[in-house]
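Novice: Got a structure for you, questions after.
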Amino acid sequence: MTALLSLSGLTKAYPGVIANDDVSFEIGPGEIHALLGENGAGKSTLVKMIYGLVRPDSGTMMLHGEPYAPPEPRAARASGVAMVFQHFSLFDALTVAENIALGMENAPDTADLTQRIIEVSSKYGLTIDPYRMVGDLSAGERQRVEIVRCLLQNPKMLIMDEPTSVLTPQEVEVLFKTLRLLSDEGTSILYISHKLDEIKALCEHATILRRGKVVGTCIPKDETAKSMAEMMVGSKLRTPKKHNTKHGAALLELHNLWLKSSDPFGTSLKEITFNLHEGEVLGVGGVAGNGQDELMLAISGEELTVSHSIQLKGEDIGQLGPNPRRERGLLTAPEERLGHAAAPDMSLSENAFLTGAMRQNLTNNGMIRTEATKQFARDIIEQFDVRTPGTENTARSLSGGNLQKFVIGREILQEPDVFVVNQPTWGVDAAAAADIRHALLKLAKNGAAVLVISQDLDELMEISDNIAILSEGTLSKPRPAEGITIEQIGLMMGGTEVENV
Amino acid sequence: MFKLERRPTPSNAMVILTPVLAVVLTMIAGGILFAILGKNPFEAIRIIFWDPLFNEVVASYTRPQLLIKAAPLITIALGLSFGYRANIWNIGAEGQFIMGAVAGGAVGLAFYPTESVLIFPLMVLAGAVGGFLWAMIPAFLKIKFNANEILVSLMLVYVAINFLGAMVTGPLRSPVGMNFPVSRNFNEYASAYNGELIANTGLHMGVFVTLAVVIVSYILLKQHIFGFQVRTAGQSPRAAKFSGVNPNVTIAICLGISGGLAGMAGLFEVTGPAGKLSTNFPLGYGFTAIIVAFLGRLNPIGILFAGLLMALTYIGGELAQFQLSVPAASVQVFQGMLLFFMLAVEILVNFRIRFKKKEVA
């Protein structure tokens with residue numbers, strides 16, 4: 001069997017870093033091939049070269065046994081290589097069909113296109129209505145639009161970058177069915193994901209990258225998620241352990257919180273009520289866009305609410321801004337690392353100052369205590385194993401996982417009584433994710449109350465004592481994590497109330 | 001061909017080099033412009049950039065002028081730089097400058113002919129308050145209705161110009177001015193006169209205040225939490241809000257500072273170099289200060305040098321006007337080019353140019 005796509009000796013260097021170093025592997029026709037690696041291992045650069053967005057410094061690619069060197073994505077598509085990006089490029093205010101037509105080189109007229117969209121979507125089980133506005137679609141449906149857009153061009157090879165990060169478990173099942181069907185028809189799939197269980201379930205082969213080099217290949221079915229993760233990071237992983245201590249008094253209480261979203265495409269919060277206790281880890285699951293950001297803003301104090309709807313240690317704080325809440329022991333870490341939790345072009349010490357100024361006592365009559373600030377940044381870097389040349393590097397220069405460790409470390413070192421974090425390990429490699437989860441559990445063990453908002457159900461099951469689901473701005477009643485199944489959570493995420501299970 | 005490539009971290013060398021590069025490019029482009037006008041470009045450049053400082057014939061007049069012209073430019077630009085760092089675009093410093101001069105001048109004239117050492121400080125205060133209040137109009141409208149401060153502050157310049165006109169033809173018209181639209185001359189009123197402190201140096205009170213403002217701005221920006229908040233608000237508004245910076249307070253403070261400083265500069269100008277309120281009083285310092293702020297890269301020390309350089313182009317431009325009889329507009333073209341090149345080369349701070357080799361397919 002000749003390979004559909006074979007890469008040999010691909011190398012690409014950026015100033016200061018070799019993103020890909022002599023990468024070679026092959027993908028057969030109809031094969032589902034996983035590309036594994038930590039953040040910054042060079043996965044993105046590699047697929048960008050295959051898709052014609054980046055040109056290799058050296059090395060060659062062969063497609064169908066012929067030299068293949070796409071100068072731009074259009075050429076890649078013409079050769080039958082299609083890609084579904086992690087972040088969708090769709091216009092909210094256009095219909096599905098209009099969006100698909102925009103992405104095509106010579107789009108047929110609307111009636112024809114609509115017909116073909118219906119054909120393709122029903123053939124592959126990707127239910128979408130071509131006339132609907134994209135702005136009204138869920139993340140899973142948007143992804144289907146992207147996939148259908150690719151399939152309309154009859155690709156020989158489909159690249160998928162982190163496709164399941166925005167999907168419910170049920171939607172993931174649908175996606176996998178589609179991908180298997182495509183594979184049976186001879187379309188090869190290059191599948192990039194952090195979720196090792198999914199790779200085990202879906203992929204036939206896996207190539208593992210570390211620091212730009214191929215460090216191994218494996219057959220995922222024969223491996224465990226842990227063994228693959230260890231290949232990625234090149235060392236043993238520690239598995240965080242829950243400490244089921246007795247929970248103490250309620251520290252953070254939300255009573256009937258309503259918040260109208262300030263974002264026109266956001267989700268308003270309705271009647272959010274829960275108590276968070278000393279030593280407790282409460283996991284809030286749900287698909288992104290169901291009010292997670294709004295809940296975060298309400299708790300951090302960036303959005304103000306009715307004063308008594310949020311209470312910290314019995315005190316009404318709904319009308320207090322972020323700094324008074326920090327002063328009282330409530331610290332938060334928002335989802336978006338660059339631009340929200342950290343200022344991209346500012347140095348790490350400035351970013352340490354960003355939220356640490358008050359509790360770490362980093363000012364003196366308004367003057368910044370530069371040396372103390374640097375020391376605080378150094379402490380974070382050392383204690384949370386942030387890999388960076390120093391405190392004066394910009395936040396932007398760190399990889400996602402390292403910056404996330406910095407952001408989480410910055411808050412944990414300030415010894416919060418209540419810590420609220422949104423997507424603590426989103427887009428973070430396995431080793432960093434394990435470290436972060438470990439740190440969160442340790443914090444709870446020492447008596448803090450921890451609220452973790454996450455889309456990653458495995459993560460929530462792993463670290464939470466109680467789990468609640470946020471769906472269309474409403475929070476389900478927290479239930480003990482023990483004994484709950486992924487299926488039940490999936491149903492709750494879809495908005496179904498699970499009563500007697 | 002070449003392409004731009006993002007630098008991993010902004011280049012510190014380029015932060016310093018870009019203003020120099022902009023000046024050089026302006027000289028080249030300006031030289032070409034003069035050549036097209038039929039003048040010797042080298043002579044023109046020498047007259048503008050060299051003669052005001054070192055030509056023995058004119059320097060005794062032009063050197064003091066340098067400080068007189070630079071002081072208001074620097075003071076206003078420093079005020080603007082805070083807002084610009086926070087993405088708050090006060091384009092109406094000219095209006096705040098005029099309102100400061102009118103308010104401060106009116107307070108002084110109200111006391112005429114009483115003599116007291118308290119009058120001048122009171123006028124300075126009134127000038128700052130006048131500019132501050134004028135800047136509070138766009139601030140209020142932005143906070144309350146999200147009105148664009150660029151448009152509002154700019155439009156208020158023309159309101160201020162007309163207000164000045166109304167004042168000097170009405171309540172503030174000089175009783176001894178033969179009905180010309182001018183106020184009383186401040187150099188005839190000792191308590192309100194901002195004269196040279198040392199003869200023939202150009203050093204008046206405003207110059208010292210400017211120096212003080214440079215130092216205070218530098219400390220605020222580099223060492224104080226306020227400077228940090230302003231920078232964060234500009235670079236990353238959501239991170240700033242997360243860290244507890246109230247965006248509305250930032251808007252009010254930034255516009256307030258720039259308005260207050262522009263108003264104070266207006267007061268020093270009207271009571272000293274200009275000498276009186278008149279319809280000829282607005283010289284465009286408020287607009288030129290925008291160029292100064294950018295040329296100085298919003299850095300207080302940079303603004304100090306940029307203000308001196310811009311003052312030089314004013315004086316040198318005047319020299320070129322009567323020595324080479326180039327049109328008056330050529331100075332403005334020069335200043336415009338300086339801003340243009342400054343904004344163009346600024347990209348080199350965050351990007352570097354890569355020359356592509358021929359690709360082998």
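Novice: In the range A:148-196, what residues are among the acidic types (Asp, Glu), part of a helix (DSSP H, G or I) and under 30 Å from A:Thr485 (Cα atoms)?
Specialist: Once the filter is applied, which keeps residues that are among the acidic types (Asp, Glu), part of a helix (DSSP H, G or I) and under 30 Å from A:Thr485 (Cα atoms), the range A:148-196 yields A:Glu171, A:Glu173.
Novice: I need a count of the residues in the range B:153-171 that are open to solvent by 30 Å² or more (accessible area, probe 1.4 Å), among the aliphatic types (A, V, I, L, M) and either part of a loop (DSSP other than H, G, I, E, B) or in contact (Cβ under 8 Å) with a residue 60 or more places away in the chain (or both).
Specialist: Summing the residues that are open to solvent by 30 Å² or more (accessible area, probe 1.4 Å), among the aliphatic types (A, V, I, L, M) and either part of a loop (DSSP other than H, G, I, E, B) or in contact (Cβ under 8 Å) with a residue 60 or more places away in the chain (or both) in the range B:153-171 gives 5.
Novice: Could you run through the range B:69-100 and say how many residues are β-branched (Val, Ile, Thr), in contact with a Gly (Cβ under 7 Å, 6 or more places away or on another chain) and either more than 16 Å from B:Val214 (Cα to Cα) or open to solvent by 40 Å² or more (accessible area, probe 1.4 Å) (or both)?
Specialist: Residues flagged as β-branched (Val, Ile, Thr), in contact with a Gly (Cβ under 7 Å, 6 or more places away or on another chain) and either more than 16 Å from B:Val214 (Cα to Cα) or open to solvent by 40 Å² or more (accessible area, probe 1.4 Å) (or both) within the range B:69-100 amount to 1.
Novice: Scan the range B:216-230 and tell me whether some residue there is hydroxyl-bearing (Ser, Thr, Tyr), without any contact (Cβ under 8 Å) to a residue 60 or more places away in the chain and within 14 Å of chain A (Cβ to nearest Cβ).
Specialist: The answer is no, given that none of the residues of the range B:216-230 is hydroxyl-bearing (Ser, Thr, Tyr), without any contact (Cβ under 8 Å) to a residue 60 or more places away in the chain and within 14 Å of chain A (Cβ to nearest Cβ).
Novice: Got at least one residue in the range A:54-76 being polar (S, T, N, Q) and within 14 Å of chain B (Cβ to nearest Cβ)?
Specialist: Yes, that holds for at least one residue.
Novice: Tell me which of these A:Lys313 doesn't satisfy, since it passes every other one: (1) open to solvent by less than 50 Å² (accessible area, probe 1.4 Å); (2) in contact with a Gly (Cβ under 8 Å, 6 or more places away or on another chain).
Specialist: Unmet for A:Lys313, out of (1) open to solvent by less than 50 Å² (accessible area, probe 1.4 Å); (2) in contact with a Gly (Cβ under 8 Å, 6 or more places away or on another chain): (1).
Novice: Is there a residue in the range B:37-52 that is of a type in the set (A, V, I, L, M), within 14 Å of another protein chain (Cβ to nearest Cβ) and out of contact with any His (no Cβ under 6 Å at 6 or more places or on another chain)?
Specialist: no
Novice: Looking only at the range B:263-281, decide whether some residue is farther than 30 Å from B:Val326 by Cα, aliphatic (A, V, I, L, M) and assigned to a loop (DSSP other than H, G, I, E, B).
Specialist: No, every residue in the range B:263-281 fails to be farther than 30 Å from B:Val326 by Cα, aliphatic (A, V, I, L, M) and assigned to a loop (DSSP other than H, G, I, E, B).
Novice: Under the condition of being small (Gly, Ala, Ser) and not in a helix (DSSP H, G or I), which residue from the range B:111-149 is farthest from B:Gly100 (Cα to Cα)?
Specialist: Out of the qualifying residues, it is B:Ala147.
Novice: Scanning for something open to solvent by 10 Å² or more (accessible area, probe 1.4 Å), on the phi > 0 side of the Ramachandran plot, touching a residue at least 24 places away in the same chain (Cβ under 8 Å) and not hydrophobic (A, V, I, L, M, F, W, C), does the range A:357-369 turn up at least one residue?
Specialist: No; the residues of the range A:357-369 include none that is open to solvent by 10 Å² or more (accessible area, probe 1.4 Å), on the phi > 0 side of the Ramachandran plot, touching a residue at least 24 places away in the same chain (Cβ under 8 Å) and not hydrophobic (A, V, I, L, M, F, W, C).
Novice: In the range A:56-77, how many are in contact (Cβ under 8 Å) with a residue 24 or more places away in the chain and either among the polar types (S, T, N, Q) or not in a strand (DSSP E or B) (or both)?
Specialist: 10
Novice: Residue check: is B:Ile257 over 16 Å from the mean Cα position of the chain (by Cα) and within 21 Å of B:Leu125 (Cβ to Cβ)?
Specialist: It is false that B:Ile257 is over 16 Å from the mean Cα position of the chain (by Cα) and within 21 Å of B:Leu125 (Cβ to Cβ).
Novice: Hey, another quick one. Quick one: which of A:Leu94, A:Leu35, A:Leu126, A:Leu113 is more than 14 Å from every other protein chain (Cβ to nearest Cβ) and in contact (Cβ under 8 Å) with a residue 60 or more places away in the chain?
Specialist: Just one listed residue meets the conditions, A:Leu35.
Novice: Hey, among the residues in the range A:55-76 that are aliphatic (A, V, I, L, M) and more than 19 Å from A:Gly186 (Cβ to Cβ), which one's most open to solvent (accessible area, probe 1.4 Å)?
Specialist: Filtering the range A:55-76 for residues that are aliphatic (A, V, I, L, M) and more than 19 Å from A:Gly186 (Cβ to Cβ), the one most open to solvent (accessible area, probe 1.4 Å) comes out as A:Ala69.
Novice: Scan the range B:3-17 and report the pairs whose first residue is more than 10 Å from chain A (Cβ to nearest Cβ) and whose second residue is open to solvent by less than 60 Å² (accessible area, probe 1.4 Å) and not aromatic (Phe, Trp, Tyr), with Cβ atoms within less than 7 Å and a gap of 6+ or a chain change.
Specialist: So the pair list comes out as B:Ser11/B:Val349; B:Met14/B:Leu348; B:Met14/B:Val349; B:Val15/B:Arg297; B:Val15/B:Val349.
Novice: Let me ask something additional. Would the range A:142-156 turn up any residue that is over 27 Å from the mean Cα position of the chain (by Cα) and of a type in the set (S, T, N, Q)?
Specialist: Yes, the range A:142-156 contains at least one residue that is over 27 Å from the mean Cα position of the chain (by Cα) and of a type in the set (S, T, N, Q).
Novice: Only residues that are assigned to a helix (DSSP H, G or I) and within 26 Å of A:Glu171 (Cα to Cα): list them for the range A:439-483, please.
Specialist: Correct list: A:Leu457, A:Asp458, A:Glu459, A:Leu460, A:Met461, A:Glu462, A:Ile463.
Novice: Among the candidates A:Val386, A:Val420, which residue alone is outside any helix (DSSP H, G or I), touching a residue at least 12 places away in the same chain (Cβ under 8 Å) and away from chain B (no Cβ under 14 Å)?
Specialist: None of the others qualify; the one that does is A:Val386.
Novice: Just for helices (runs of 4 or more DSSP H) wholly inside the range B:283-361: which have at least 1 residues that are within 14 Å of another protein chain (Cβ to nearest Cβ), among the polar types (S, T, N, Q) and open to solvent by less than 60 Å² (accessible area, probe 1.4 Å)?
Specialist: Correct list: B:347-350.
Novice: Would it be correct to say that B:Asn248 is within 14 Å of chain A (Cβ to nearest Cβ) and at pLDDT below 95?
Specialist: yes
Novice: Kindly establish whether B:Leu203 is in contact with a Pro (Cβ under 9 Å, 6 or more places away or on another chain) and within 10 Å of chain A (Cβ to nearest Cβ).
Specialist: Considered against the rule, which asks whether it is in contact with a Pro (Cβ under 9 Å, 6 or more places away or on another chain) and within 10 Å of chain A (Cβ to nearest Cβ), B:Leu203 comes out as no.
Novice: Name, by its number, the condition in (1) open to solvent by less than 20 Å² (accessible area, probe 1.4 Å); (2) more than 12 Å from chain B (Cβ to nearest Cβ) that does not hold for A:Glu415.
Specialist: The number of the failed condition is (1).
To keep it simple, each residue is scored yes or no on (1) closer than 23 Å to B:Phe111 by Cβ; (2) touching an Asp or Glu at 6+ places or on another chain (Cβ under 7 Å).
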| position | (1), (2) |
| --- | --- |
| B:Ser174 | yes, no |
| B:Arg184 | yes, no |
| B:Gly195 | yes, no |
| B:Ile225 | no, no |
| B:Gln235 | no, yes |
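Novice: Residues that are within 14 Å of another protein chain (Cβ to nearest Cβ): list the strands (runs of 3 or more DSSP E) wholly contained in the range A:261-376 that include at least 1 such residues.
Specialist: A:330-333
Novice: When residues of the range B:18-50 are filtered for being in contact (Cβ under 8 Å) with a residue 40 or more places away in the chain, within 24 Å of B:Pro300 (Cβ to Cβ) and of a type outside the set (S, T, N, Q), how many remain?
Specialist: 5
Novice: For A:Tyr51, are the conditions met, namely being surrounded by fewer than 23 Cβ atoms within 10 Å (Cβ to Cβ), of a type in the set (Phe, Trp, Tyr) and modelled with pLDDT under 90?
Specialist: Considered against the rule, which asks whether it is surrounded by fewer than 23 Cβ atoms within 10 Å (Cβ to Cβ), of a type in the set (Phe, Trp, Tyr) and modelled with pLDDT under 90, A:Tyr51 comes out as no.
Novice: From the list A:Lys242, A:Lys246, which residue is modelled with pLDDT under 75, out of contact with any strand residue (DSSP E or B) (no Cβ under 9 Å at 6 or more places or on another chain) and more than 24 Å from A:Leu5 (Cβ to Cβ)?
Specialist: A:Lys246
The values are calculated or read from the model by the stated rules, or taken from the named source; none is laboratory data. Keep in mind that this is a model prediction, so the values were computed, not measured. A quick note on method: Cβ atoms are made from the backbone with ideal geometry, for glycine too, and the neighbour counts reach across all protein chains shown. Areas reflect the complete protein model, heavy atoms only, side chains present, ligands, DNA and RNA absent. Shrake-Rupley method; radii C 1.70, N 1.55, O 1.52, S 1.80 Å.
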